[in-house]
Amino acid sequence: MVSIDVHDACVDFPIFDAKSRSLKHTVLGVVGGNVAANTRKVVVIEALRGIDLHLRDGDRLALVGHNGAGKSTLLRLLSGIYEPTRGQALVNGRVAPVFDLGVGMDPEISGLENILVRGLFLGMSRKQMEARVDDIAEFTELGNFLHMPLRTYSTGMRVRLALGVVTSIDPEILLLDEGIGAVDAAFLERAKGRLKDLVDRAGLLVFASHSDDLLQQLCTSALWMEHGTIRQQGPLDEVLDAYKGREHAPSGG
Amino acid sequence: MASSSTASSSTTAPGSAAATAPAAPPGVKPPGPDFRSAFRDLARGWGQRELWLQLGWQDIRQRYRRSVLGPIWITISMAVTAIALGILYSALFGLDLATLLPHVLVGMIVWTFIAGCISEGSEVFVANSGLITHLPAPISIHVYRLVWRQTLFFAHNLIVYGVMLLVFPQPLWWTDLSIFLAFALLVVNGMWVALLVGIVSTRFRDLPPVIQSVVQLLFFLTPIVWMYDVLLANPAVAERARWVEVNPLFHFVELVRRPMLGQDQEWRTWFIVSGIAVVGWALTLLVMRRYRGRVAYWV
């Protein structure tokens, strides 16, 4: 059973400076009894506070909020990259996070090899990826370029390749972060179709985006993040209206 | 020592978001920080071996792409260093080249593996920060990849060993097949060292240069270019030479080198190296249990 249960989870980031990063300073600060050094605490940023979230199979959740509101951190919490510093996050299911299309791509190896590696990183097996390679190759329209090292690709070609791999997998929990752009319009139309298929295959979707269009196509409910906390959660239209209303109100921002 | 940081004052909830973790019914409190999360990390990392086998192999292939000889360059440069040091030290100590050169060469091959695990271990998580903060994977896959890559380098270096056997035949016997077991034990130790050094160096960024200096120093304190037996036979320095027994790397090198040179192994060496593996893994699991989840925050 695919599910996400987050209970009162917090994510605090330690912000280290050169001194707190140093073992020498840390040890000397303790041993030497240097008062100034001891009182200088590591600065902590509370990226997420008191997050309660319960998602079940079939849920399609949109994440909205301003830049820095904690959308990406929440996605990383749900993917298991960050363990909550307090509270708990229980995630059952195979997670496929799509945060940055470029990550896990090696410029020195060929497009075909990158397809395999990226797929393995997303939790697929070698066999599964080999079965999908033709489909991905066709979608990317890269032809013989697939045998060339990735560093010879243009930005748009890289995005095609990454999108091709990402949309070919069978995730139980799909976590999407925005930043799927930089491709020509005609290609994006095809990518949208594939993206929709992918979302249909996924048991559970959490999608962070600023594009109302995409959110309305893919999601049914929404969660509005503000200053690291959940401001509002409910049906998509309701939350979007509230979010937009506040954004345009003079006191908003 | 790391406990003085604010970062570690928090309690992490394991069981979070483990993609293939056993299902816990909602509402049931997951266990506090325990060793299961550390073991699960290692087990899941092992389960993803298709990934790190591919990545480690790719690391090697990358070197072949840049130059025709690829990692063979490293093998050749190691061989040249070993031969030069072998000739120099055989003259300095007045030893037979046929005795010292194989000793130095095989010692260097084993040393390259050990030093690689330690020094690359100190950068293993920082170097992979992009992957760690974007893709949820057990942290152990980066260490599996590192040790696998070092094993492939080791295999490359065996070419030099093969050539050496032709020039200076060694009295090998079937019991020397224990080399495989010895190397396996070396790998088991390389894993915990890289994990432990990696986690601590991710938190304290001034450590890697220190570690690299220490490794450099240990090269000279370990009988690689010199021979322990020769120093022991010299009454003037025998007392001081015994201190080498304290150096754990001496036992690692001996464990693998002796069978490769057809020499008898001592049970003592096996016990010491196995003991270090047990203690080292216990320590590493303790550190993993507490700080494994912090690595993503630190990188």
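Observations on the structure shown:
- Residue order, fewest to most surrounding Cβ atoms within 10 angstrom, among A:LYS24, A:LYS127: A:LYS127, A:LYS24
- Mean-position separation - Cα centroids, the stretch B:72-108 and the stretch A:124-139, in angstrom: 49
- As a length-normalised measure over Cα pairs under 8 Å and 6 or more apart, the relative contact order of the stretch B:33-298 settles at 29 percent.
- Compared with the direct C-alpha span, the chain from B:VAL68 to B:ILE87 gains 3.9 nm at full extension, assuming 0.36 nm per residue.
- Using only side-chain charges placed at the Cβ, +1 for Lys and Arg and -1 for Asp and Glu, the dipole size of chain A relative to its Cα centre rounds to 960 debye.
- Summarising the amide proton neighbourhood of A:GLN232: residues at separation of 5 or more, or on other chains, whose placed amide H is nearer than 5 Å comprise A:TRP224.
- For the stretch B:40-49, 3J(HN,Hα) per residue [Karplus equation, 6.51 cos²θ - 1.76 cosθ + 1.60, θ = phi - 60°, Hz, x = Gly/Pro]: 5, 4, 5, 5, 5, x, 5, x, 9, 5
- Each principal axis of the Cα cloud of the stretch B:33-298 was evaluated for its coordinate range; sorted largest first, these ranges are 57, 45, 38 Å.
- Segment B:TRP267-B:ARG61, length gained on full extension (0.36 nm per residue, minus Cα span): 70.3 nm
- Anisotropy class assigned to chain A is oblate, per the alpha carbon gyration tensor with a/c at or over the 1.5 cut-off and a/b no larger than b/c.
- Between B:ALA184, B:ALA277, B:ALA233, the GNM of chain B built on Cα springs shorter than 10 angstrom shows B:ALA233 fluctuating the most.
- Least to most buried among B:TYR228, A:TYR82, B:TYR291, B:TYR64 (fewest other Cβ within 10 Å first): B:TYR64, B:TYR228, B:TYR291, A:TYR82
- Segments A:60-71, A:148-159 sorted - mean Cβ within 10 Å per residue, highest first: A:60-71, A:148-159
- Rounded to the nearest whole Hz, the Karplus-based 3J(HN,Hα) values (6.51 cos²θ - 1.76 cosθ + 1.60, θ = phi - 60°) of the stretch A:215-223 follow the sequence 4, 5, 6, 9, 10, 10, 10, 9, 9, with x at glycine and proline.
- Neighbour counts of C-beta atoms inside 10 Å place B:TRP148, B:TRP73 in the sequence B:TRP73, B:TRP148, starting with the fewest.
- Highest GNM mean-square fluctuation among A:VAL95, A:VAL133, A:VAL42, for chain A modelled with Cα contacts below 10 Å: A:VAL42.
- Around A:ALA69: net Lys/Arg minus Asp/Glu count, Cβ-Cβ under 10 Å: +1
- Approximate spin-label separation B:SER274-A:ASP213, in nm, with each point projected 7 Å along Cα-to-Cβ: 6.8
- Three-way shape call for the stretch B:169-226 based on the alpha-carbon gyration tensor, with the a/c threshold at 1.5: oblate
- For peptide B:133-143, the mean count of partner chain Cβ atoms within 10 Å of a residue's Cβ comes to 5.
- Restricting attention to the protein assembly as shown, lysine pairs at least eight places apart or on different chains and with alpha-carbon atoms under 23 angstrom apart total 5.
- Along the stretch B:213-229 the Karplus relation, 6.51 cos²θ - 1.76 cosθ + 1.60 evaluated at θ = phi - 60°, assigns HN-Hα couplings of 5, 5, 4, 4, 5, 4, 4, 7, 7, 9, x, 10, 8, 10, 10, 4, 4 Hz to successive residues, with x for each Gly and Pro.
- Applying 0.36 nm per residue to the separation of A:ILE45 and A:LYS24 and subtracting their alpha-carbon distance, the gain on full extension is 5.2 nm.
- Chain A: relative contact order as a whole-number percent, Cα under 8 Å and 6+ apart: 26
- Residue by residue along A:75-82, Cβ atoms of other protein chains within 10 Å of the local Cβ number 6 on average.
- Take each residue in B:61-69, count the other chain C-beta atoms within 10 Å of its C-beta, and the mean is 1.
- The H on the amide N of A:VAL2, modeled in the peptide plane, is under 5 Å from the matching H of A:ASP57, each at least 5 residues off or on a different chain.
Where a number appears in this text, it was derived from the coordinates with a stated rule and is not lab data. Not measured: the values here are computed from a predicted model. We place every Cβ from the backbone using ideal geometry, glycine too, and count neighbours over all the protein chains shown.
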